[in-house]
Structure formats: structure tokens, C-alpha cells
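These notes are about the structure you will find just below.
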């Protein structure tokens, strides 16, 4: 496992930037261990909902965690609004960094993550394969 810190900048799309970071390091598996920072827009899909809910405010990222694979990201986040109310859910595209986002990735060069349909859950779920690093 290799630690890989990232800083995102104002206007960056949080999810797209994390997916792009995995492509840039040319690996097939990573976990987001933690993230903090701020957003101006959060797109969160709450449990049981089909579509994300858009939150527009000065938002603080309290937690961010999940997995990254070449074909998708599975991220959960909690944010607090300017009144201290906390919202959490699945991270969709369109979360816009307000001032900064500081994120720590755990890169897993000996693994390959993919998302495949799981008949028991009905969803695209994480599949983990061991894959020796290329020399």
C-alpha cells in the first residue's frame, strides 16, 4: 500500500478528480481513507433514493471515504452546512470544491478493483482481485 495525498482546488468536481487521480497513477485499485475541505455544491444520494439531492451552501466536508476502480468510484461523504446541519450519503458527480479539498488515498498496486453486477444485492458491487505489480 502506498499513501498518496491530494489537494483539489476551487471549481474541481470532487468525484471526477478522484477518478482522474487513479488514472494518472496508472493503478487499478485505491481507497479514499479520508478527506476534508469545503464545497459550494454537494450532490448526495441519500439511502434508498434513486437520484442525488443537490445542496448549495458553504459546506464543510466532515468525512469522505470509499473505493476507486477504473470503472467507477464508490464514495460516501458527510458535510455540514453553514448552520451546522449534517447531511451524508453517496457522492455523485457535481460536488464542487469551494476553497480546497485535502484527500488521502491508499494506492493498492497489487490489486485490481472492478464493479460487477451482484445478483444477491441487485447492484454493481466491488470485486477484488490480486494482481502482481507490473515490472
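When you scan segment 38-48, do you find a residue that is over 30 Å from residue 109 (Cβ atoms), without any contact (Cβ under 8 Å) to a residue 24 or more places away in the chain and out of contact with any strand residue (DSSP E or B) (no Cβ under 7 Å at 6 or more places or on another chain), even just one?
Within segment 38-48 (the criterion being over 30 Å from residue 109 (Cβ atoms), without any contact (Cβ under 8 Å) to a residue 24 or more places away in the chain and out of contact with any strand residue (DSSP E or B) (no Cβ under 7 Å at 6 or more places or on another chain)), the answer is yes, since at least one residue qualifies.
Within 25 Å of residue 11 (Cβ to Cβ), touching a helix residue (DSSP H, G or I) at 6+ places or on another chain (Cβ under 8 Å) and either crowded, with 16+ Cβ neighbours inside 10 Å or at pLDDT below 95 (or both): does that describe residue 59?
Numbers: within 25 Å of residue 11 (Cβ to Cβ): yes; touching a helix residue (DSSP H, G or I) at 6+ places or on another chain (Cβ under 8 Å): no; either crowded, with 16+ Cβ neighbours inside 10 Å or at pLDDT below 95 (or both): yes.
Here the answer is no, as residue 59 does not meet what is asked.
Being surrounded by 14 or more Cβ atoms within 10 Å (Cβ to Cβ), touching a helix residue (DSSP H, G or I) at 6+ places or on another chain (Cβ under 6 Å) and in a strand (DSSP E or B): is that true of residue 73 here? Spell out how you get there, then give the answer.
Details: surrounded by 14 or more Cβ atoms within 10 Å (Cβ to Cβ): yes; touching a helix residue (DSSP H, G or I) at 6+ places or on another chain (Cβ under 6 Å): yes; in a strand (DSSP E or B): yes.
Yes, satisfied.
Within segment 26-37, which residues are outside any strand (DSSP E or B) and either under 12 Å from residue 73 (Cβ atoms) or out of contact with any strand residue (DSSP E or B) (no Cβ under 6 Å at 6 or more places or on another chain) (or both)?
Going through segment 26-37, the residues outside any strand (DSSP E or B) turn out to be 26-29.
Within segment 26-37, 26, 29 meet the criteria.
Does residue 71 satisfy being modelled with pLDDT under 95 and touching a strand residue (DSSP E or B) at 6+ places or on another chain (Cβ under 8 Å)?
Values: modelled with pLDDT under 95: yes; touching a strand residue (DSSP E or B) at 6+ places or on another chain (Cβ under 8 Å): yes.
Considered against the rule, which asks whether it is modelled with pLDDT under 95 and touching a strand residue (DSSP E or B) at 6+ places or on another chain (Cβ under 8 Å), residue 71 comes out as yes.
The values are calculated or read from the model by the stated rules, or taken from the named source; none is laboratory data. Not measured: the values here are computed from a predicted model. Cβ coordinates were reconstructed from backbone atoms using ideal geometry, including for glycine residues, and neighbour counts include every protein chain displayed.
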